1. Show the residues, 5+ positions off or on another chain, whose built amide H is closer than 5 Å to the amide H of Asn101.
2. Which loop trypsin sites (Lys or Arg not before Pro) in the range 206-254, with loop taken from DSSP, have no more than 13 other Cβ atoms within 10 angstrom of their Cβ?
3. Let's test this: bin the Cα-Cα distances of the range 73-227 at 5 Å from zero up to the farthest pair and state each bin's percent.
4. With an 8 Å cut-off on Cα pairs and a minimum separation of 6 or more residues, tell me the relative contact order of the chain in percent.
5. Show me the GluC sites (Glu not before Pro) within the range 221-300 that DSSP assigns to loop and that have at most 11 other Cβ atoms within 10 Å of their Cβ.
6. List the residue ranges in the chain for DSSP H helices whose C-alpha atoms run 27 angstrom or more along the long axis and whose Kyte-Doolittle average is -0.5 or above.
7. Suppose every K and R has +1 on its Cβ and every D and E has -1 on its Cβ; what is the size of the dipole of the chain about the Cα centre, in Debye to the nearest 20?
8. Considering only Trp61, Trp52, Trp90, give the residue with the highest GNM mean-square fluctuation for the chain, with springs between Cα atoms whenever their separation is below 10 Å.
Amino acid sequence: MDPSQPIADPSSPENSSAAPDPGDKKRTGKPTFVEDAVVTAFGFATSTAVAWLSWWMSTHWDFAVYTWMANFVIPVGAILCGFVAATGYWIGARVFNHRPNRWLLFNIVLVSLTTFFAIHHFHYSNDKVDGISVSRLMTYPDYLVQVTEHMTYKSSHSGDSDPGMELGKWGWGIAALQIAGFSFGGFAVYGLLVSVPYCDACAKYLSEKKSCKKKWKDPAQMQAAFESLSGLIREQNYQQAIDSFAGMGEQVRFGVKATLQLDKRKCPDCDNGRLSLSAMQRVGRKWTNVASTTVAIQQPLRMD
């Protein structure tokens, strides 16, 4: 099967008439400092909320999500908290149609990373020892040393009476893994944001989406359908490909071994968009993407 990905030529006469006049637009696809600041504020808000909630759950429920570790080396809890902390960036970027750039990536990773230290600062500012605030007993750096070097490891199979094993200097390794987990969670949000197609002419995300899936019991029939449709797409007969796709597939619910999915995304202000065709095949119990093709479109297409 041909996994080629033809891209429509924006300068062709066929498509130039549908492209919007950039002079009519007040914004461009390049983010401004103000936009960066506003989106960063959204991220800071969710990061602060995650830090406060993590402290509150640990204090009142003795339940610290960010400390969860898988096989003692994978900081799944920190990754989850870092991901949630960075969701504000996703919300802000989508609301204000802010295109992700390297500066936004830096902000996302930085704020996700500092969420780790914010959680500990909430403990430092609010926890008490014998009725005395921890912040009056030691400095914040000293507090970090204490909690890190007195970190304990306790297996999920241990009983409630098991105090766990104190890690000592090894606690810094666990802390480093948790910090990396927070950063990775933020990086994952940035990756998802980058994957959303964007209209440079209007400086907006392609928010309008339509999708349709066809099923087959015979993978060979699906492969033939893919070849036919991808040929039409290569020839830029996009509407014909969509119309042909509508009549394909089998009316089956069980025993499906192959599928084709057609997705169309469109800019809310113009006809710029993206058309994607992907082929999936089942081998045993596993579904595998066996071929795909994606094109940029600059003309109105009808997809029911």
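1. Amide H neighbours of Asn101: none.
2. On the way: sites: Lys209, Lys210, Lys213, Lys214, Lys215, Lys217, Arg234, Arg253; in loops: Lys217, Arg253.
Passing both the DSSP loop test and the Cβ count: Lys217, Arg253.
3. 2, 8, 12, 12, 13, 12, 10, 8, 8, 6, 4, 3, 2, 1, 0
4. Values: 513 pairs, mean separation 68.8, N = 304.
Across the chain, relative contact order equals 23 percent.
5. Details: sites: Glu227, Glu235, Glu250; in loops: Glu235, Glu250.
Answer by residue number: Glu235.
6. Values: long enough: 33-61 (41 Å, 0.71); 102-126 (36 Å, 0.77); 171-195 (36 Å, 1.39).
Span-like helices here: 33-61, 102-126, 171-195.
7. Working: 29 positive and 26 negative charges, 144 e Å.
Approximately 700 debye in magnitude.
8. Checking each option, the largest mean-square fluctuation is seen for Trp61.
The values are calculated or read from the model by the stated rules, or taken from the named source; none is laboratory data. Note that this is a predicted model, so its numbers are computed, not measured. No Cβ is skipped: glycine too gets one built from the backbone with ideal geometry, and neighbour counts run over all protein chains shown. Only protein heavy atoms, including side chains, enter the accessible area calculation; ligands, DNA and RNA are left aside. Shrake-Rupley method; radii C 1.70, N 1.55, O 1.52, S 1.80 Å.
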